[in-house]
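Written below as structure tokens is the structure these notes are about.
Throughout, read-outs are computed from the coordinates displayed, never taken from laboratory work. Just so you know, these numbers come straight off a predicted model, no measurement behind them. Cβ atoms come from the backbone with ideal geometry, glycine included; neighbour counts cover every protein chain shown.
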Amino acid sequence: MTTEKSGELLKRLEGNLPVPAPSTPLPPKEEKEIQDDYEFSRRTYKDLVDKSNSAIDGMMELALQSEHPRAFEVLSIMLKNTSDMTDKLMSLQKNKKDLKKEEKGAATGVTNNNLFLGSVTDLQKHLRQELTEKNVTDTTDNAT
């Protein structure tokens, strides 16, 4: 195949490829709202964990003094809830990092990778079918 024909073929193939839509970064107002929500959530979780730790200390004293099984049960539930809150605090941090990555990814554009699984003959048949549906005639000499 000559260079001219391969160049023409590439141009025709590129004409059939979808053009990625340009992505837009978040407006400054949305970025500020996200940052404000993140700071509020973080502050709230930290306050809840601090209060929970104080309550755990008091409940531990009560459980040790009373030696009542229900007091120890409540203490274990409080410990689990505090643990869950600290996990949520960490997932909040991860979510913020993911949002930052999305913002950076949006600024650089979208990459779409297309993969054709099949033989060259299958690809040619598919392209010919697409061309005939769009009423485009084949101008190559080696049409097989």
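Data overview
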quantity	calculated
Residues V74 and K101, FRET efficiency given R0 of 41 Å [Cβ-Cβ distance, rounded to 0.05]	0.50
Cα gyration tensor, segment 27-108 - rounded (a/c under 1.5), prolate or oblate	prolate
Distance between modelled label sites at Q129 and L62, nm, 7 Å Cα→Cβ extension	7.2 nm
Subset of K51/K97; K29/K94; K101/K134 violating a 32 Å alpha-carbon distance limit	K101/K134
